[in-house]
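Asker: Below you'll find the structure I mean.
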Amino acid sequence: MIRTVITGTGSYIPKNAVSNTEFESHEFYDKDGTAIEGEGKTITDKFKSITGIQERRYADSDNNASCIGAKAAKIAIEDAGIDPETIDQIIVAHNFGDVIKGTFQTDILPSLAARIKHELKIKNPHCVAYDILFGCPGWLQGVIMAHQFIQAGMLKRVLVIGTETLSRVLDPNDRDSMIFADGAGASIVEAVESDKEIGVLAHDTLTHTYDEAYYLYMGPSNKPESDPNIRYIKMHGRKIYEYAMKNVPDAMKTTFDKTNADVSELKKVFLHQANEKMDEGFINRFYRLYKQRDLPEHIMPMSIHELGNSSVATIPTLYDRAKKGKLEDHELHSGDLVMFASVGGGMHINAMAYREP
Ligand SMILES: CC(C)(COP(=O)(O)OP(=O)(O)OC[C@H]1O[C@@H](n2cnc3c(N)ncnc32)[C@H](O)[C@@H]1OP(=O)(O)O)[C@@H](O)C(=O)NCCC(=O)NCCS
């Protein structure tokens, strides 16, 4: 039987670490333009206590989203040991395209996938390269799409990348900007013939737009009298939190139940890194849906404390680091049953169950 297996992974985590301390001198305002009073350190301490984030990474000015995406892709290709000319599709998930540092314009002509294919020097015209805009769940959605193409017998080998430079679209006067970060992760997703039940086992995707479409949006700076023509990433954080808490654990259960495995078999859950407390809430609620109050040890690898929320890149970078044995207590072994789940702008939610080959 044809299975969908991730045969190579790669990531690019920018070296430039920006700690919470660097935000202490910012003037912060609420969305209604009211100045947020208090010492800078009190605000950043509060921020840390509600998100878990201590620092985040920003890409250097000469690295755009497509550059770091290509770097992650080269590592994934090498890891899989494949000839890049044999890749059938390149799917690149992002939200803002290339934003040249110091400008506020999204540049998606050509698409990031076309730029990355060019950078990889792939000549094969049958390697079809395109972008997807799916909020933070974009990389996971790319893997689910690759799986669907593979199971339909249309493709054999897909390069799926998540890359983002959110540092280029941040309002320095908005406290929520401290959440966001830059990064890129990539994976080679392949059709593998096997009698064993390995690779992608189940998945689920949801899009809620009736009330939720503008929970994440573009808007002017919170600082009064700022140029209204310059717009930044904005969110209704509390609404997202409540929406996610209500829907993500259910989507995870729907997915897991399709595997027919017992929940005790689950070894790791790779969650989108947006907020430490939110992720802890997801995992607690997920196990409670199985009437289990105690969590298994080392079930949830996390990178939010040092890497912040790099959108589409959080899961593939985390997974890459686990695959390469770089996360203490989070090694992966053949036969391990793992889950991935994400939530983000759109609003979209997805989840996937996967058995390590
Ligand atoms: C944005 C978010 C961190 C705010 O946390 P919260 O616990 O919901 O915050 P609340 O609005 O209830 O406010 C609680 C307190 O934190 C403060 N606060 C809110 N946002 C803050 C921020 N970004 N930094 C510092 N303090 C903040 C409030 O002023 C309030 O302070 P008080 O207790 O002194 O009155 C949180 O809602 C969140 O992470 N949401 C999900 C966002 C997300 O996932 N976005 C990306 C999707 S891909």
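The values are calculated or read from the model by the stated rules, or taken from the named source; none is laboratory data. Just so you know, these numbers come straight off a predicted model, no measurement behind them. All Cβ positions, glycine included, derive from the backbone under ideal geometry; neighbour counts span all protein chains shown. When the accessible area is computed, the model is the full protein with side chains, heavy atoms only, and any ligands, DNA or RNA have been set aside. Shrake-Rupley method; radii C 1.70, N 1.55, O 1.52, S 1.80 Å.
Conditions (1) touching a residue at least 24 places away in the same chain (Cβ under 8 Å); (2) hydroxyl-bearing (S, T, Y); (3) surrounded by 17 or more Cβ atoms within 10 Å (Cβ to Cβ), marked per residue:
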| site | (1), (2), (3) |
| --- | --- |
| E190 | yes, no, yes |
| E193 | yes, no, no |
| H208 | yes, no, no |
| E242 | no, no, no |
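Asker: Out of G281, G345, which single residue is in contact (Cβ under 8 Å) with a residue 24 or more places away in the chain and within 20 Å of T165 (Cα to Cα)? Please lay out each step first, then the result.
Answerer: Details: G281 fails: within 20 Å of T165 (Cα to Cα).
Every option except G345 fails the conditions.
Asker: Could you tell me which numbered condition H333 fails, if it satisfies all but one of (1) surrounded by fewer than 17 Cβ atoms within 10 Å (Cβ to Cβ); (2) within 16 Å of the chain's Cα centre (by Cα)?
Answerer: (2)
Asker: Assess whether D171 counts as being at pLDDT 95 or above, open to solvent by less than 10 Å² (accessible area, probe 1.4 Å), of a type in the set (D, E, K, R) and farther than 30 Å from K277 by Cβ. Please lay out each step first, then the result.
Answerer: On the way: at pLDDT 95 or above: yes; open to solvent by less than 10 Å² (accessible area, probe 1.4 Å): yes; of a type in the set (D, E, K, R): yes; farther than 30 Å from K277 by Cβ: no.
Judged against the criteria, D171 is not a match.
Asker: Here is a further query. How many residues are assigned to a helix (DSSP H, G or I) and within 18 Å of the chain's Cα centre (by Cα) when one looks only at region 215-242? Spell out how you get there, then give the answer.
Answerer: Residues of region 215-242 that are assigned to a helix (DSSP H, G or I), as a first pass: 237-242.
After this cut, where a residue has to be within 18 Å of the chain's Cα centre (by Cα) as well, the list is 237, 240-241.
Residues that pass the stated criteria total 3.
Asker: Could you tell me whether region 249-256 includes any residue that is within 18 Å of A274 (Cβ to Cβ), open to solvent by less than 10 Å² (accessible area, probe 1.4 Å), under 20 Å from the mean Cα position of the chain (by Cα) and among the aliphatic types (A, V, I, L, M)? Step through it out loud before you land on a result.
Answerer: First, the residues of region 249-256 that are within 18 Å of A274 (Cβ to Cβ): 249-252.
Cutting the leftovers down to open to solvent by less than 10 Å² (accessible area, probe 1.4 Å) gives us 249, 251-252.
Next, only the ones that are under 20 Å from the mean Cα position of the chain (by Cα) stay: 249, 251-252.
Remaining after also requiring among the aliphatic types (A, V, I, L, M): 251-252.
Yes, region 249-256 contains a residue that is within 18 Å of A274 (Cβ to Cβ), open to solvent by less than 10 Å² (accessible area, probe 1.4 Å), under 20 Å from the mean Cα position of the chain (by Cα) and among the aliphatic types (A, V, I, L, M).
Asker: Now a separate question. If N350 meets every condition in (1) under 12 Å from the mean Cα position of the chain (by Cα); (2) more than 16 Å from the ligand (Cβ to nearest atom); (3) not basic (K, R) apart from one, which number is that one?
Answerer: Against the list (1) under 12 Å from the mean Cα position of the chain (by Cα); (2) more than 16 Å from the ligand (Cβ to nearest atom); (3) not basic (K, R), N350 comes up short only on (2).
Asker: Looking for whichever is away from the ligand (no atom under 16 Å from the Cβ), open to solvent by less than 40 Å² (accessible area, probe 1.4 Å) and under 30 Å from P357 (Cβ atoms) here; the options are G199, G185, G138. Which one fits? Can you show your working first?
Answerer: Numbers: G185 fails: away from the ligand (no atom under 16 Å from the Cβ); G138 fails: away from the ligand (no atom under 16 Å from the Cβ).
Going through G199, G185, G138 in turn, just one is away from the ligand (no atom under 16 Å from the Cβ), open to solvent by less than 40 Å² (accessible area, probe 1.4 Å) and under 30 Å from P357 (Cβ atoms): G199.
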